[in-house]
């Protein structure tokens, strides 16, 4: 079995475990450092089937006021078009700020997805990296098992700011919901 994604991830896991750069044998291509950072970025870019996604009840309600499109098709810096004939008040954040600005959008207005919504890794990326680095010998089977424990919640940025803890969460989905999302009063709906 060949898997291009895992074939890319394995050398980064190994290089990060060994705390060294990735280099070529011929010396023509320069070394590649920052493997742990790049590993994290690769994990953030993984796409999963819909059964690995949830949406918070509040995010779903706001999305339905704004758009008839499928929220599953939106992420990061994508523009979102307000289709609603009625004005909708949104809370816009800039980058990782904890402060927001209320904005009224009307039909035809655009805003950036990540200014209002957040795709939250329910099992934090750093926790996934720790698990990958703890593997004695990374292979398709054990890496896939860890990656298949990743679930993502599409939520409002206001909800994300109230989640605790941000790191070192349980690995079992039911426990994450019980210990992290329920105390924050975030109701999850399967996508």
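Could you please let me know if residue 88 is out of contact with any strand residue (DSSP E or B) (no Cβ under 8 Å at 6 or more places or on another chain), surrounded by 15 or more Cβ atoms within 10 Å (Cβ to Cβ) and at pLDDT 95 or above?
No.
Which pairs have Cβ atoms under 6 Å, sit 6 or more apart or on different chains, and link a residue in the range 138-151 that is closer than 23 Å to residue 176 by Cα to one that is modelled with pLDDT under 95 and in a loop (DSSP other than H, G, I, E, B)?
149/123; 149/171; 150/123
Identify all residues within the range 108-137 that are more than 19 Å from residue 167 (Cα to Cα), without any contact (Cβ under 8 Å) to a residue 60 or more places away in the chain and surrounded by 13 or more Cβ atoms within 10 Å (Cβ to Cβ); write none if there are none.
Correct list: 109, 111, 112, 113, 114, 115, 116, 117.
Considering only residues that are over 21 Å from residue 115 (Cα atoms) and either surrounded by 12 or more Cβ atoms within 10 Å (Cβ to Cβ) or at pLDDT 95 or above (or both), which ones fall in the range 152-180?
Within the range 152-180, 169, 170, 171, 172, 173, 174, 175, 176, 177, 178, 179, 180 qualify.
Which pairs do you get when a residue that is closer than 17 Å to residue 64 by Cα, found in the range 77-101, comes within reach of a residue that is in a loop (DSSP other than H, G, I, E, B) and at pLDDT below 95, reach meaning Cβ atoms under 6 angstrom, with the pair 6+ apart or on two chains?
Final answer for the pair search is none.
The values are calculated or read from the model by the stated rules, or taken from the named source; none is laboratory data. Predicted model, so just to flag it, every value in this text is computed and none were measured. Counting neighbours? That spans all protein chains shown, and the Cβs are built from the backbone with ideal geometry, glycine included.
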